[in-house]
Amino acid sequence: MPPIVEPFEPASSPRPNSRYQRFGPVFALLLLAPVVSELLYGATRVSVIFVLIPEILTWGCGALLIRECVRRWHKGWQSMLLLGLALAVAEEVVIQQTSIAPLAGLAKDAYGRAWGVNWVYFLWALGYETVWVVLIPVQLTELLFPARREHLWLRPRSFVFASIVFVLGAWMAWYGWTQRARVQIFHMPPYSPPRLYLLTGLAAILLLILAAYLLPPGRPRNGRFVSHPAPTAGLAGLIICALGTPWGAFVLLAYSGVPGVPFEPVLAGGLVWAALTFFLVRRWTSSSNWHDAHRLAVVFGGVVACMLGGFVVFKVGGALPLDWIGKAVLNVAAAAWLIYLARKVKHRDVA
């Protein structure tokens with residue numbers, strides 16, 4: 001789980017020189033959040049691509065609002081990480097309730113389910129949705145629009161409008177999954193979560209938002225960096241890909257489990273994996289030689305990781321030939337586009 005957004009001190013927002021510079025980052029992030037996390041991964045398949053609409057409203061607006069809050073509060077990527085966790089808790093407990101309702105689909109046994117919570121699935125979802133819905137799309141968008149990286153993208157009225165759209169998208173996602181898909185496609189009885197679970201989820205969301213607000217700025221005020229250098233950009237990307245690919249497939253353990261192994265050690269292993277990745281990237285981003293080439297390499301590695309993990313899920317869970325072909329074509333196109341972007345960033349750094 002690579003948290004990758006570099007800390008900085010936001011500047012005041014000048015008037016963009018063109019509509020592209022003004023609206024481009026907004027529309028790019030609205031699309032990249034669901035495309036990276038859902039379409040390239042394969043959770044949203046080509047055969048049901050129409051569900052991208054509520055995902056743009058929920059994931060896209062959610063990532064955009066988080067990015068704007070972090071910039072308005074003059075915080076760094078660690079506050080963004082906490083807000084991403086808050087969005088993931090909202091999705092898993094309040095909106096689609098997938099981490100507290102009995103799992104639909106591949107699950108034959110309730111592996112990792114205790115006290116009404118799918119703990120293994122919940123851990124996977126917290127990590128995946130935080131990183132691949134929020135952190136990676138935000139960083140990628142800011143690399144696409146470097147002149148707007150440290151500025152606000154939404155005016156106050158636009159921020160309110162995006163919040164309303166997010167609530168609308170969340171309602172659509174709740175209704176489409178809990179009231180239709182679970183019942184009509186997976187033939188499962190309706191699920192009504194206990195009120196205590198919803199209240200606990202809301203309390204966790206508020207605490208995460210408060211912690212993100214109270215967290216000190218990511219960059220030290222004296223501008224100092226740690227003495228140890230970050231690895232080369234290529235090596236950083238390979239490490240992130242190696243760490244992220246197993247996380248993309250980690251969700252399968254929530255459905256099939258590990259024969260003869262209680263879920264607690266699996267849960268602990270996932271937590272250690274996530275913590276090691278967090279501290280590794282935190283160390284890198286505090287180095288003086290951390291530049292755009294590193295940022296893009298980490299983004300590249302994270303995107304490739306989710307694509308590879310998605311193929312593992314397809315192999316185990318099965319998919320239509322159309323979905324295999326669609327995922328392969330989209331993944332190749334995304335990789336080619338990232339390579340093109342890497343060349344642009346390299347020339348930009350040299351200039």
task: Determine which member of the set GLY112, GLY127, GLY84 is more than 15 Å from the chain's Cα centre (by Cα), crowded, with 21+ Cβ neighbours inside 10 Å and not β-branched (Val, Ile, Thr).
output: GLY112
message: Based on this model, can you work out whether LYS346 counts as assigned to a helix (DSSP H, G or I), among the charged types (D, E, K, R), under 21 Å from PHE50 (Cβ atoms) and touching a helix residue (DSSP H, G or I) at 6+ places or on another chain (Cβ under 8 Å)?
response: no
- request: State all residues of segment 256-267 that are over 21 Å from the mean Cα position of the chain (by Cα) and either β-branched (Val, Ile, Thr) or in a helix (DSSP H, G or I) (or both); if no residue qualifies, say none.
  value: SER256, VAL258, VAL261, PHE263, GLU264, PRO265, VAL266
statement: Scanning segment 163-174 residue by residue, the ones that are surrounded by fewer than 17 Cβ atoms within 10 Å (Cβ to Cβ) and under 19 Å from the mean Cα position of the chain (by Cα) total 2
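Could you please find all residues in segment 293-324 being of a type in the set (D, E, K, R) and either surrounded by 20 or more Cβ atoms within 10 Å (Cβ to Cβ) or under 20 Å from the mean Cα position of the chain (by Cα) (or both)? Give the derivation first.
Of segment 293-324, the ones of a type in the set (D, E, K, R) are 295, 315, 323.
Passing the criteria: only ARG295.
Every residue in segment 224-267 that is polar (S, T, N, Q) and at pLDDT 90 or above, please. Before you say what the answer is, go through the steps one by one.
First pass over segment 224-267, keeping only residues polar (S, T, N, Q): 227, 232, 245, 256.
Result: THR232, THR245.
Would you call VAL160 under 18 Å from GLU68 (Cβ atoms) and crowded, with 17+ Cβ neighbours inside 10 Å? It would help to see each step written out before you state the result.
Details: under 18 Å from GLU68 (Cβ atoms): yes; crowded, with 17+ Cβ neighbours inside 10 Å: no.
Answer is no for this residue.
Output the number of residues of segment 163-178 satisfying the condition of being closer than 16 Å to CYS69 by Cα and touching a residue at least 60 places away in the same chain (Cβ under 8 Å).
2
Which of the residues spanning segment 186-198 are over 19 Å from ALA114 (Cα atoms), surrounded by 10 or more Cβ atoms within 10 Å (Cβ to Cβ) and either touching a strand residue (DSSP E or B) at 6+ places or on another chain (Cβ under 9 Å) or modelled with pLDDT under 80 (or both)? Reasoning before the result, please.
First, the residues of segment 186-198 that are over 19 Å from ALA114 (Cα atoms): 186-190.
Within this subset, residues satisfying the condition of being surrounded by 10 or more Cβ atoms within 10 Å (Cβ to Cβ) are 186, 188.
PHE186 - this is the single residue of segment 186-198 that is over 19 Å from ALA114 (Cα atoms), surrounded by 10 or more Cβ atoms within 10 Å (Cβ to Cβ) and either touching a strand residue (DSSP E or B) at 6+ places or on another chain (Cβ under 9 Å) or modelled with pLDDT under 80 (or both).
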field: Options ARG283, ARG295: the member that is without any contact (Cβ under 8 Å) to a residue 60 or more places away in the chain and assigned to a helix (DSSP H, G or I)
entry: ARG283
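Need at least 3 residues that are more than 17 Å from LEU29 (Cβ to Cβ) and among the hydrophobic types (A, V, I, L, M, F, W, C) per element, so show me which helices (runs of 4 or more DSSP H) inside segment 62-167 make the cut, counting only ones lying wholly within it. Step through it out loud before you land on a result.
On the way: elements: 77-89, 119-128, 136-144.
Output list reads 77-89, 119-128.
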message: Tell me the residue from GLU68, GLU55, GLU92 that is acidic (Asp, Glu) and in contact with a Ser or Thr (Cβ under 6 Å, 6 or more places away or on another chain), please.
response: GLU92
- prompt: Within segment 48-55, is even one residue part of a helix (DSSP H, G or I), within 13 Å of the chain's Cα centre (by Cα) and at pLDDT below 95?
  reply: yes
query: Could you say whether any residue in segment 287-299 is closer than 25 Å to LEU85 by Cβ, touching a Cys at 6+ places or on another chain (Cβ under 7 Å) and at pLDDT 95 or above?
result: no
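The values are calculated or read from the model by the stated rules, or taken from the named source; none is laboratory data. No experiment lies behind these values; they were computed from the predicted model shown. Note: ideal-geometry Cβ built from the backbone for every residue, glycine included; neighbour counts use all protein chains shown.
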